[in-house]
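The block underneath contains the structure these notes are about, expressed in structure tokens.
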Amino acid sequence: MILLCAAIAPAVVAQTVLWHVGFETRFENREGGDELTPDQTLFYIRVSPQLGITLPHDGRHALMAGATWFQPVNDNLGGYKILPTVYYRYRDKHQTLAIGYVDRDLTRELPRYLMSDSMRYCTPVVRGVLYRRHGDHGTLQAMLDWRQMQSANRREAFVVTASGYYRPGGLRSAWWLGGHVQYNHLAKSKNADDSQGVNDDAIINPMVRWTPSRHWSVEAGAIVSLQRARVDHKWHTPCRAVARGRFHNRRFDISEEVSGGKDLFPLYSRFGSLLNLGDPYYCYKFYSRTDAHVIIFNKHGIDLRAGVSLHATDKTFGWWQTIKASITLDGKFNKKSRVK
């Protein structure tokens, strides 16, 4: 055994060892809600240490392993989650592929009608496949998240999402064409009878974006939802218009979104976030959200900001106050030339 370890040791130390630590804490006080969006205060910390190793002389392929600890701040440490982050990652100049229990920080943020703030905070791991690509003519992100395995008391659930924008004129163009497509599937629990049923939620969201400068962006489009509870033998097909604008610089990040039309989640009262991952504010016919944040510090992987979010619908008004701090640190060590 000693001779075997001595023989393989040169190959082992020849690898590049990667390390990564992500930290986030958020205090969010939500007021002015109703039965769909109740008043509550979210206060949590999330720590995600990871170690990885690359193939010899090739930093594109890596195996990453670690854990994500999600801990609500309270007096008894209850409600915590410890989730593994174990995945294979391929990365080059234009694309990233990750398979396994993937750190959600590798993904680009989705619109809130596809994934609400609360869902994003509480599910820091993608359990499946993530693919991202970017270039002069556009961006693409696709992922499969196996959200829940089937058991006697849990229903099988998974979601597939694809997002992308194409820039017809390359870097010289301020116009982008694209959008988002998502399919969410909620099946039955193990040994359930036919009355439980299988459910489908699909969203198609074509968008046009205009970016006249690196500080401003404006986009508009339509959201088409296709939903059914198969036991009802009926499809629901609500749709609505949506428009967004954003201004950001090194001190401020301000955005506005307005949407209107039919209730985007007609089955939310029956299945909640098991079927509809988006924010329940989109159940209202009209919804406006304004986010205004002051960036207190944003350097060296540290981001500290505070702000408010104003929510207005045709039936209610809410406002959230948020303080957020995040730290991202990573690097390499133990990099040596391969010994033959």
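Each value in this text was obtained by applying a stated rule to the coordinates, not by laboratory testing. Since this is a predicted model, take the numbers as computed values, not measurements. Counting neighbours? That spans all protein chains shown, and the Cβs are built from the backbone with ideal geometry, glycine included.
Remarks
- Charge dipole of the range 23-333 about the Cα centre (unit charges at C-beta), most positive-ward option of Q196, Y101, Y113: Y101
- Taking label points 7 Å from Cα along the Cα-to-Cβ direction, L226 and C239 give a separation of 1.2 nm.
- Here is the list for the range 65-156: chymotrypsin sites (Phe, Trp or Tyr not before Pro) lying in DSSP coil, each with at most 13 other C-beta atoms within 10 angstrom of its C-beta, are Y80.
- Projecting the Cα positions of G22, Y282, T313 onto the charge dipole of the chain (unit charges on Cβ atoms of Lys, Arg, Asp and Glu, taken about the Cα centre) puts G22 furthest along the positive direction.
- The range 23-333, dipole about Cα centre (Lys/Arg Cβ +1, Asp/Glu Cβ -1), debye to the nearest 20: 820
- Pairwise FRET efficiency - S151 versus N298, Cβ, R0 = 51 Å, nearest 0.05: 0.75
- Note on the range 35-86: Rg/Rh from Cα positions, Kirkwood definition for Rh, rounded to two decimals, is 1.25.
- Pair S195, N74: separation of 7 Å Cα→Cβ label points (nm): 3.3
- For the range 129-206, dividing the convex hull volume of the Cα atoms by the residue count gives 68 Å³ per residue.
- In the chain, the DSSP-assigned H stretches of four residues or longer account for a calculated mean residue ellipticity at 222 nm of -1500 deg cm²/dmol, using -39500 (n - 2.57) per stretch and the full residue count as denominator.
- Rg [Å, one decimal], Dmax [Å, integer] - the chain, C-alpha atoms: 22.2, 75
- Descending principal axes extents, the range 177-226, alpha-carbon based, whole Å: 56, 17, 11
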